[in-house]
Amino acid sequence: MARGEKMFKETPSTFRYYLRLLEEKGELRREKKEVNVKYEISAIHMKTQAERGPAILFENVKGYNIPVLVNVLSTRKRLAIALGLPENADYDTINNGIAKRIKERISPEVISSGPCKEVILNESELDLRKYPIPIMHEKDAGPYITGGFIVAKDPETGEQNLSYHRLLLKGRNRLGILMEPRHLWHIYKKADERGEPLNIAVVIGYHPVVGIAAATGLPLGENEYALAGALAKEPIQLVKAETSDLLVPADAEIVLEGVILPKEREIEGPYGEYTGYYGVPGMRPIVEIRKITQRKDPIYYTITARSAEMGYYFIAKTVGTFEKIKAAVPTFKRASFLQTFFFVISLKKEREGDGRRAILAALAANDSIKVCVAVDEDIDPRNPEEVLWAIATRCNPSKGIFIIPDVFGQSLDPSSEGEGPGRVWSILCIDATKPITRPFPEKAKIPSLEEIQRMKEQGLL
Ligand code: MN
């Protein structure tokens, strides 16, 4: 090893460190009972998540000798642990912590080698079918790799990008890929037009901060690993891939190195998506895997679509949205996704139009919002009852509702129309804040039993 080159160290931002912490705190269960990759893993995952149960390591997967890990990040407590915050930190503490950290990016550290290189499988010896890739929903086209993020480099700018894409197992070294028209699609388009294969690396098994950074959707060209470093408050250790100069986390469990082929298209889909619907099949590009590097004892990590985990991976994107709203409306209180694509903002209204201003800021910052509601500060944006009551009683539809037609949004939303880059959705905006330009009735209130008791003691009752 050359002088000055750094060795791999197991630090708090490494995956195995995080898994050990979870296990010590009773947040990781080792499942010894045999499970099937077909439906059973996703079924147990969704049930456990609904019960707010622990992460599960399936150690006995029928027909495979690699364990499967699910549910690593699906509670606020496990998110707090991942960020090194007190386990019982509430949402505001976590959100404020993230907002502060993301302002100061920490560049990754490129080291000479790491655990992800313990085993190297060449093109002739690798076989994707040996990995316990789950089949999650009844009508899925086959096993889907969902917990892997993809590393690619823009051939023109040389800038690296991380992003999540579902990958359909098609054969020993072949995967189908769905690229919505975002960063990777933009990068691939350039290679495809030149008729050149695009080098990629699929990273499976990484610390949650790296997954959060990959899901954030930073402006193209900004380094997602530096965002992960910021969240972890230490540099992420990276190593160079074997078949390209792409950088991957040194401690990754499994790295699939390969290319997205130019010009070739095959049928991909359906897959039960995060929207709760099957994403429709279509003719899509093909990934050819040319090398696999992994740990001696790799863990296969998978994400079930629509699991709470996905929401947590988007936490930095959501917190970034809060910051943009706060810049537009200083009296912003809090905001939350009440449902997929359904975003609610609460604010202390000081100026007429504050509700609309907050909505516009949220829409500019976040492309996952299709219904955007503004409510007053006395309404909890996480409480559907209160939000519906505010819409029902504070919004005058002829003034408070506006629709923004034909915006690029989430192409997996079934209500979107059009194909590929031509696919758009419309956005429903509801300003359910009380007007400040005319008197508005006060909320009716029955005194609490404690207040009644006090009144009695004071002889008022
Ligand atoms: Mn990106």
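Scan the range 324-359 residue by residue and report those that are in a helix (DSSP H, G or I) and not β-branched (Val, Ile, Thr).
If the condition is that a residue be in a helix (DSSP H, G or I) and not β-branched (Val, Ile, Thr), then LYS324, LYS326, ALA327, ALA328, ASP354, GLY355, ARG356, ARG357, ALA358 are the ones that fit.
Kindly indicate whether any position in the range 316-323 is open to solvent by 50 Å² or more (accessible area, probe 1.4 Å), within 19 Å of the chain's Cα centre (by Cα) and outside the structural domain of TYR188 (by TED's automatic domain parsing).
Yes, the range 316-323 contains a residue that is open to solvent by 50 Å² or more (accessible area, probe 1.4 Å), within 19 Å of the chain's Cα centre (by Cα) and outside the structural domain of TYR188 (by TED's automatic domain parsing).
Note down all Cβ pairs under 6 Å where the first residue falls in the range 219-235 and is in the same structural domain as ALA99 (by TED's automatic domain parsing), the second is within 12 Å of the ligand (Cβ to nearest atom) and assigned to a helix (DSSP H, G or I), and they're at least six residues apart or on different chains.
Listed pairs, sorted by first residue: LEU220/HIS183; GLU224/ALA213; GLU224/ALA214; LEU227/ALA213; ALA228/ALA213.
Conditions (1) surrounded by 15 or more Cβ atoms within 10 Å (Cβ to Cβ); (2) assigned to a loop (DSSP other than H, G, I, E, B); (3) not charged (D, E, K, R); (4) not assigned by TED's automatic domain parsing to the domain that holds GLY211, marked per residue:
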{"site": "GLU23", "(1), (2), (3), (4)": "yes, no, no, no"}
{"site": "ARG30", "(1), (2), (3), (4)": "no, no, no, no"}
{"site": "LEU57", "(1), (2), (3), (4)": "yes, no, yes, no"}
{"site": "ILE81", "(1), (2), (3), (4)": "yes, no, yes, no"}
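Which of the residues that make up the range 276-303 are crowded, with 17+ Cβ neighbours inside 10 Å, in contact with a Pro (Cβ under 8 Å, 6 or more places away or on another chain) and not in a strand (DSSP E or B)?
ARG295, ILE299, THR302
Can you say whether THR14 is of a type in the set (Ser, Thr, Tyr) and surrounded by fewer than 16 Cβ atoms within 10 Å (Cβ to Cβ), as far as the supplied structure shows?
no
Select from the range 213-254 the residues that are under 19 Å from MET179 (Cα atoms) and in contact with a Leu (Cβ under 8 Å, 6 or more places away or on another chain) and write down the one among them that is modelled with the lowest pLDDT.
The extreme case among them is LEU218.
Scanning the range 121-173 for residues that are within 16 Å of the ligand (Cβ to nearest atom) and not in a strand (DSSP E or B), which turns out least open to solvent (accessible area, probe 1.4 Å)?
Among residues in the range 121-173 that are within 16 Å of the ligand (Cβ to nearest atom) and not in a strand (DSSP E or B), the one least open to solvent (accessible area, probe 1.4 Å) is ASP154.
Can you pull out the residues in the range 221-240 that are away from the ligand (no atom under 14 Å from the Cβ) and not in a loop (DSSP other than H, G, I, E, B)?
GLY229, ALA230, LEU231, ALA232, GLN237, LEU238, VAL239, LYS240 - these are the residues of the range 221-240 that are away from the ligand (no atom under 14 Å from the Cβ) and not in a loop (DSSP other than H, G, I, E, B).
Can you find, within the range 202-220, the residue that is nearest to LEU256 (Cα to Cα) among those that are more than 15 Å from the ligand (Cβ to nearest atom) and touching a strand residue (DSSP E or B) at 6+ places or on another chain (Cβ under 7 Å)?
VAL202
Out of all the residues in the range 422-436, which are charged (D, E, K, R) and more than 15 Å from GLU377 (Cβ to Cβ)?
ARG423
Which numbered condition in (1) surrounded by fewer than 24 Cβ atoms within 10 Å (Cβ to Cβ); (2) outside the structural domain of TRP185 (by TED's automatic domain parsing); (3) not acidic (Asp, Glu) is the only one that VAL329 fails?
Single failed check for VAL329: (1).
The values are calculated or read from the model by the stated rules, or taken from the named source; none is laboratory data. Keep in mind it's a predicted model, so treat the numbers as computed, not measured. Cβ sites come from the backbone with ideal geometry, for glycine too, and all protein chains shown count toward neighbours. Side chains are part of the model used for accessible areas, which takes the heavy atoms of the whole protein and leaves out ligands, DNA and RNA. Shrake-Rupley method; radii C 1.70, N 1.55, O 1.52, S 1.80 Å.
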